[in-house]
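S.K.: Have a look at this one before I ask anything.
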2 protein chains.
Amino acid sequence: MEKVCFGIDVGGTTVKIGLFTADDAKLVDSFEIPTRKEDEGSHILPDICESIEAKLVEKKITRDNLIGVGIGIPGPITKDGTVLNCVNLGWGMFNVEEKLSQMLGGVKVKAGNDANVAALGETWQGGGRGFEDLVLVTLGTGVGGGVIIGGKIVTGSNGAAGEIGHIPAVYDENAEICGCGKKGCLETVGSATGIVRETKKLLAKSSEDSTLRSLEEITCKDIFDAAKEGDKIASEEVDQLSYYLGNAIAGIAAVTNPQVIVIGGGVSKAGKFLLDKIEDNFSNNAFHATKNAKFALATLGNDAGMYGAAALIIA
Amino acid sequence: MEKVCFGIDVGGTTVKIGLFTADDAKLVDSFEIPTRKEDEGSHILPDICESIEAKLVEKKITRDNLIGVGIGIPGPITKDGTVLNCVNLGWGMFNVEEKLSQMLGGVKVKAGNDANVAALGETWQGGGRGFEDLVLVTLGTGVGGGVIIGGKIVTGSNGAAGEIGHIPAVYDENAEICGCGKKGCLETVGSATGIVRETKKLLAKSSEDSTLRSLEEITCKDIFDAAKEGDKIASEEVDQLSYYLGNAIAGIAAVTNPQVIVIGGGVSKAGKFLLDKIEDNFSNNAFHATKNAKFALATLGNDAGMYGAAALIIA
């Protein structure tokens, strides 16, 4: 019988669970369960175990064919699998690898931070496939990411490596305060929220015509659509965004010199239009020996976490 | 008989060669030979071999007690030991590990970029001893450094990881052009040359009294000495320098989340006075989960390269 593993991505609202074949590394089934955060998140792991057990029964997979479970957690986690106060789930500090393994009768469990695990997923079977030194930059509600070196996640001493959204990026006096409390983090200009806010600032500062002015609510998509049509304000915002991202990525490249930079998250739906502009700014600001890094779009979308979690076991 | 290895640091002017005992990792002898760059640097490896052979004879060490040779090269070098056009030595592209090993009768040879190797040396027996996730920032004629993760050098895809001097750092219009051709690299403000230039700009811009005004030639040491005495212009420069360094290091920490930041190079002779100011600026700008990184001064000075090269073999 074929060997399998599960790749699990624990989010604040739902837990995504993927069943992968171990030999050919294919996702053969996936499903979601709600993330029950009540009672300090104490139901989350039991719920996961229950649905794994049920899936094994449903698929007639015997226990000795389950080679392991990988799991991504939305918070800092150390190299040995210790979660350090995951506020998103209501969890305190404990070793999630040991605990989940025990609950599953001793099966191998590997855990990682969700953004880092997503980076591993994109390296394994996504936009960074074929490379082993990668940086993922996720532009979503916030800005996150992960650093992969030699095909392995860089975890950092407190599980905080790859916190790309918190690179100091904006140095002028009007820099915004980030959700983390610092001023001028990359996230303040690179997240969807930041992009909309910066665009509104540009609209307020200028009397230039813009199709954006007629909209009651401006979304990130509106801004990219307008920029693609040549709208001046929208184009100015996309240029500014690409400048900050290109610069920050040039800084990252001077530190780890990756082969490939993968851009993911909701904002990356702007596609090659945005990717090319980021790459241009990167090229203008990157040290020559790091310049040949390739730029690619993430391809796994919301499944990157499941893939990466499975990669912790079978890649 | 005791096992030994050599740690070699190839500089643009001299080659430093250290003999280390393998079991207790002690530097038992060291010497220098000139770096003969003529004839496309073709004498450098033969000169090294000759002096190694002579040292083995002098110390009555038999060939089978030599377990390896580590070597640091002042240029980019890939993971497999391939030098990529080392202009400092006149070298083209070749595998220095294979070539030197062949010349030494098959002994194990490991090579690395000199700055990265120095970072490994400081991790092994220097200011970062006891840690395995480290960033070395070297403030000298230029700004260099190295990144160590899990006790191993991060090489990068082109051997250009740890090129910390070329992180974009100065964003205002008056940013200086770096030796690498880019504008506003950390090196333009963080190197000894940059520090002196920035101080002269501050002196020209202000009419404030300063002991520096009476000096015919201002050195970095003069600036730190004056700042320690409370000189306003010198203090302003040290504050500005620490701001740029603290910010850049905060960015590095958001990428690799190190346990310790080691500051080395000639400028670091300013000691704890400078270290504390850099650390303050780091604390103000670093993401909370990366903030507990320790700051330490490099302790191996010009020997860091020899130590790190030996560490490639015996650490």
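Each value in this text was obtained by applying a stated rule to the coordinates, not by laboratory testing. Predicted, not measured: the structure shown is a model, and the values here were computed from it. Neighbour counts are summed over all protein chains in view; Cβ atoms, including those assigned to glycine, are modelled from backbone coordinates with ideal geometry.
S.K.: In degrees from 0 to 90, rounded to the nearest 10, what is the angle of the helix B:232-256 Cα long axis to the longest principal axis of chain B?
M.R.: It works out to around 50 degrees.
S.K.: A further question follows. Who wins for biggest fluctuation among A:A248, A:A270, A:A304 in a Gaussian network model of chain A, springs between alpha carbons below 10 Å?
M.R.: Greatest mean-square fluctuation among the candidates belongs to A:A270.
S.K.: Taking A:I33 in one copy and the same position in all the others, each labelled 7 Å out along Cα→Cβ, what are the pairwise distances from the first, in nm, shortest first?
M.R.: 6.7
S.K.: Here's another thing I want to ask about it. For A:D23, what is the net charge nearby, where nearby means another residue's Cβ is under 10 Å from its Cβ and Lys, Arg count +1, Asp, Glu -1? Let's see the in-between values first.
M.R.: Values: positive: A:K3, A:K26; negative: A:E2, A:D24.
Overall, the nearby charge balance is 0.
S.K.: ³J(HN,Hα) across the range B:298-315 via Karplus (A = 6.51, B = -1.76, C = 1.60, θ = phi - 60°), whole Hz, x for Gly/Pro?
M.R.: Residue by residue, the range B:298-315 yields 5, 10, 8, x, 6, 8, 4, x, 5, 4, x, 5, 5, 5, 4, 9, 10, 7 Hz.
S.K.: Provide the gained length on full extension for the span B:R129 to B:Y171, in nm with one decimal, where the gain is 0.36 nm per separating residue minus the Cα-Cα distance.
M.R.: 11.6 nm
S.K.: For the residue pair B:K291 and B:S42, what label-to-label distance in nm results when each label sits 7 Å from Cα along the Cα-to-beta-carbon direction?
M.R.: Output for this residue pair reads 6.0 nm.
S.K.: Can I ask one more? When the Cα atoms of the protein assembly as shown are enclosed in a convex hull and the volume is divided per residue, what value in Å³ results?
M.R.: 181
S.K.: Which pairs, out of A:K201/B:K277; A:K221/B:K291; A:K228/A:K294; B:K201/B:K269; A:K272/B:K291; A:K221/A:K291, put more than 31 Å between their alpha-carbon atoms?
M.R.: Violating the 31 Å Cα-Cα cut-off are A:K201/B:K277; A:K221/B:K291; A:K272/B:K291.
S.K.: Further, regarding this structure: Please list, or write none, the lysines whose alpha carbon is within less than 28 Å of the alpha carbon of A:K60, excluding same-chain residues fewer than 8 places away.
M.R.: A:K3, A:K16, A:K26, A:K99, A:K108, A:K110
S.K.: Out of A:G144, A:G265, A:G90, any idea which swings most in a Gaussian network model of chain A, alpha carbons joined below 10 Å?
M.R.: Fluctuation is largest for A:G90.
S.K.: Then there is this: At 7 angstrom along the Cα-to-beta-carbon line, where would the label on B:K272 sit relative to the other copies? Give the distances in nm, shortest first.
M.R.: 5.9
S.K.: Continuing with the same structure: Report, by chain and number, residues whose modeled amide H sits under 5 Å from the one on B:G11, excluding near sequence neighbours (fewer than 5 apart, same chain).
M.R.: B:K16
S.K.: Please list 3J(HN,Hα) in residue order for the range A:215-221, calculated via the Karplus relation 6.51 cos²θ - 1.76 cosθ + 1.60 where θ = phi - 60°; whole Hz, with x for glycine and proline.
M.R.: Whole-Hz 3J(HN,Hα) from phi for the range A:215-221: 8, 6, 10, 9, 10, 4, 4.
S.K.: Let me ask something additional. Please report, in debye to the nearest 20, how large the charge dipole of chain A is about its Cα centre when each Lys and Arg carries +1 at its beta carbon and each Asp and Glu carries -1 there. If you can, show how the numbers build up before the last one.
M.R.: On the way: 30 positive and 42 negative charges, 108 e Å.
Roughly 520 debye, rounded to the nearest 20.
S.K.: For B:W91, list long-range residues whose amide hydrogen, built 1.01 Å from N in the peptide plane, is under 5 Å from its own amide hydrogen.
M.R.: B:C86
S.K.: Could you work out how far apart the two model spin labels at B:E2 and A:K221 are, taking each label as a point 7 Å from the Cα in the direction of the beta carbon, and quote it in nm?
M.R.: Spacing of the two 7 Å Cα→Cβ label points: 7.1 nm.
S.K.: Which distance in Å, rounded to a whole number, links the C-alpha centroids of the range A:210-284 and the range B:252-315?
M.R.: Between the Cα centres of the range A:210-284 and the range B:252-315 lies a distance of 34 Å.
S.K.: Starting from the amide H of A:K3, placed 1.01 Å from N in the peptide plane, find each other amide H under 5 Å away whose residue is 5 or more places distant or on another chain.
M.R.: Distant-sequence amide H within range of A:K3: A:A22, A:D23.
S.K.: Hey, another quick one. Where does chain A land on the Kirkwood hydrodynamic radius, alpha-carbon pairs, in angstrom?
M.R.: Hydrodynamic radius (Kirkwood, Cα only) of chain A equals 20.3 Å.
S.K.: Calculate how steeply helix A:272-285 sits against the longest principal axis of the alpha-carbon atoms of chain A, using the helix alpha-carbon long axis, and give the answer as 0 to 90 degrees to the nearest 10.
M.R.: Tilt of helix A:272-285: around 70 degrees.
S.K.: Express the relative contact order of chain B as a whole percentage, based on alpha carbon pairs under 8 Å and six or more residues apart in sequence. Before the final figure, lay out the partial values.
M.R.: Numbers: 679 pairs, mean separation 65.2, N = 315.
That works out to 21 percent.
S.K.: Shifting gears a bit: Once the convex hull of the C-alpha atoms of the range B:215-287 is built, how many Å³ does it hold per residue, rounded to a whole number?
M.R.: Expressed per residue, the convex hull around the Cα atoms of the range B:215-287 is 87 Å³.
S.K.: Could you check the simple spin-label distance between A:A54 and A:M93, using points 7 Å along Cα→Cβ, in nm with one decimal?
M.R.: Between A:A54 and A:M93, the label points sit 3.5 nm apart.
S.K.: State, to one decimal in nm and shortest first, how far the label point of A:E176 sits from each corresponding label point in the other identical copies (label point: 7 angstrom along Cα-to-Cβ).
M.R.: Listed shortest first, these distances are 3.5 nm.
S.K.: State the volume of the convex hull built on the alpha-carbon positions of the range B:1-98, expressed per residue in Å³ and rounded to an integer.
M.R.: 97
S.K.: Would you please name the chymotrypsin sites (Phe, Trp or Tyr not before Pro) within the range A:262-315 that are DSSP coil residues with at most 12 other C-beta atoms within 10 Å of their C-beta?
M.R.: Qualifying residues, ordered by number: none.
S.K.: In sequence order, what are the phi-derived ³J(HN,Hα) couplings for the range A:144-157 according to the Karplus relation 6.51 cos²θ - 1.76 cosθ + 1.60 with θ = phi - 60°, rounded to whole Hz, with x for glycine and proline?
M.R.: x, x, x, 10, 10, 10, x, x, 10, 5, 8, 8, x, 5
S.K.: Quick one: among A:E237, A:E187, A:E38, which has the greatest mean-square fluctuation in a GNM of chain A with alpha-carbon springs under 10 angstrom?
M.R.: A:E38
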